[in-house]
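Visitor: Can you keep this structure in mind? I'll have questions shortly.
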Amino acid sequence: MGKFNQTVDPEARPKTILRPPIIHHICNEVTINDCAQVCHTVGTRPTMAVSSSEAAEASQFVSAAVYNFGTFTKPRSIAIRSSVRITATRQIPVIVDPVGIHSYTSRRRLFVKSVRRWMRMFKRDQLRCTLVFRMNQSELLALNDVFCRPKGHHDASGFEFSGVDAMSRDRCIKSICNIVTDYFDDRLPVCFVITGRLDYVFSTRAFRRLHGEEYDVQCEHDRQGFPMMNDRDCGMLATISGGGCMLDSVIASYLVHCQDGRPTEVCFSA
């Protein structure tokens with residue numbers, strides 16, 4: 001290692017090696033160490049500030065933020081709210097993983113309040129962050145029920161909220177992806193990363209405009225379909241816990257490293 005350091009010009013090394021970006025995590029206790037290791041692997045550094053005061057402090061200097069709603073507690077809720085107020089006004093990636101919002105009222109309430117805050121800020125031209133929602137299909141359905149369905153309309157899709165990534169009826173999920181996109185298109189600049197056996201990546205019109213990704217929608221549909229899909233077909237992912245949480249860290253790291261790229265495509269690559 002010493003010989004390597006002597007023979008390689010330090011100025012020629014990637015900047016991410018000399019000065020890795022810091023990713024702030026407020027994440028669940030089950031995968032906190034896994035997420036930290038993922039950051040080191042892809043060339044970023046983790047900081048796990050979960051108290052409200054430290055979360056607010058970290059939010060002022062980090063290169064990206066990850067909010068994971070797993071192992072939810074009141075102090076974590078307060079920390080997320082403290083951090084969101086700051087990160088929303090900064091030009092950094094903000095990854096939101098609303099774990100279990102289809103099952104738990106307190107998590108769903110915080111997520112809905114946060115989404116509405118970002119929508120108000122966008123309407124006032126105050127939202128600056130690159131916003132990404134990383135969720136599984138159950139959580140997507142919960143988001144659809146809260147924002148896209150008329151009040152009092154009960155879910156009749158036949159899905160059971162099991163809290164797992166793998167679900168059937170991909171054609172129905174694709175339809176819901178388009179419904180969610182239509183609702184948020186001009187209300188919120190956000191990229192959705194929906195994971196399961198098939199991964200779906202799509203972004204709103206406001207997101208594409210904000211990040212210079214505007215394109216002819218029909219041509220994009222003809223070229224690769226909408227939303228973008230990835231059939232990873234990896235059965236082992238269904239046998240471990242925390243794969244989605246680790247993906248949050250990967251997405252945040254990719255967005256930090258690839259600031260010149262199109263964020264939607266960067267999320268798809270991650």
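The values are calculated or read from the model by the stated rules, or taken from the named source; none is laboratory data. Values in this document were obtained by computation on a predicted structure and should not be read as measured data. Reconstructed Cβ throughout: ideal geometry from the backbone, glycine too, with neighbour counts over all protein chains shown.
Visitor: Determine if the range 91-108 includes at least one residue that is at pLDDT 95 or above, surrounded by fewer than 17 Cβ atoms within 10 Å (Cβ to Cβ), in contact with a Cys (Cβ under 9 Å, 6 or more places away or on another chain) and more than 20 Å from Met246 (Cα to Cα).
Guide: Within the range 91-108, one or more residues are at pLDDT 95 or above, surrounded by fewer than 17 Cβ atoms within 10 Å (Cβ to Cβ), in contact with a Cys (Cβ under 9 Å, 6 or more places away or on another chain) and more than 20 Å from Met246 (Cα to Cα).
Visitor: Could I ask something else about it? State the number of residues belonging to the range 86-136 that are aromatic (Phe, Trp, Tyr) and closer than 20 Å to Ala58 by Cβ.
Guide: 1
Visitor: Exactly one of these conditions fails for Thr71: (1) hydroxyl-bearing (Ser, Thr, Tyr); (2) modelled with pLDDT of 95 or more; (3) at positive phi. Give me its number.
Guide: (2)
Visitor: Just for the range 1-45: of the residues that are over 19 Å from the mean Cα position of the chain (by Cα) and in a loop (DSSP other than H, G, I, E, B), which one is modelled with the lowest pLDDT?
Guide: It comes out as Val8.
Visitor: Quick check: is even one residue across the range 124-132 of a type in the set (A, V, I, L, M, F, W, C), closer than 25 Å to His211 by Cβ, part of a strand (DSSP E or B) and touching an Asp or Glu at 6+ places or on another chain (Cβ under 6 Å)?
Guide: No, the range 124-132 contains no residue that is of a type in the set (A, V, I, L, M, F, W, C), closer than 25 Å to His211 by Cβ, part of a strand (DSSP E or B) and touching an Asp or Glu at 6+ places or on another chain (Cβ under 6 Å).
Visitor: Please work out if Val96 is in a helix (DSSP H, G or I) and among the β-branched types (Val, Ile, Thr).
Guide: When the stated conditions are applied, Val96 does not pass them.
Visitor: Assuming Thr130 fulfils every condition listed in (1) touching a strand residue (DSSP E or B) at 6+ places or on another chain (Cβ under 7 Å); (2) at pLDDT 90 or above; (3) over 25 Å from Gln91 (Cβ atoms) apart from one, which condition is it?
Guide: Here Thr130 meets the rest and fails (3).
Visitor: Separate question: Strands (runs of 3 or more DSSP E) wholly in the range 173-270 with at least 1 residues that are modelled with pLDDT of 90 or more and closer than 26 Å to Ser114 by Cα - which ones?
Guide: Counting at least 1 such residues, we get 190-195, 198-203.
Visitor: Looking at (1) touching a Ser or Thr at 6+ places or on another chain (Cβ under 7 Å); (2) of a type outside the set (Val, Ile, Thr); (3) touching a residue at least 40 places away in the same chain (Cβ under 8 Å); (4) surrounded by 23 or more Cβ atoms within 10 Å (Cβ to Cβ), which is the only condition Ala55 fails?
Guide: (3)
Visitor: Continuing with this model, one more query. Determine whether Ser103 is more than 24 Å from Val266 (Cα to Cα), touching a residue at least 12 places away in the same chain (Cβ under 8 Å) and in a loop (DSSP other than H, G, I, E, B).
Guide: yes
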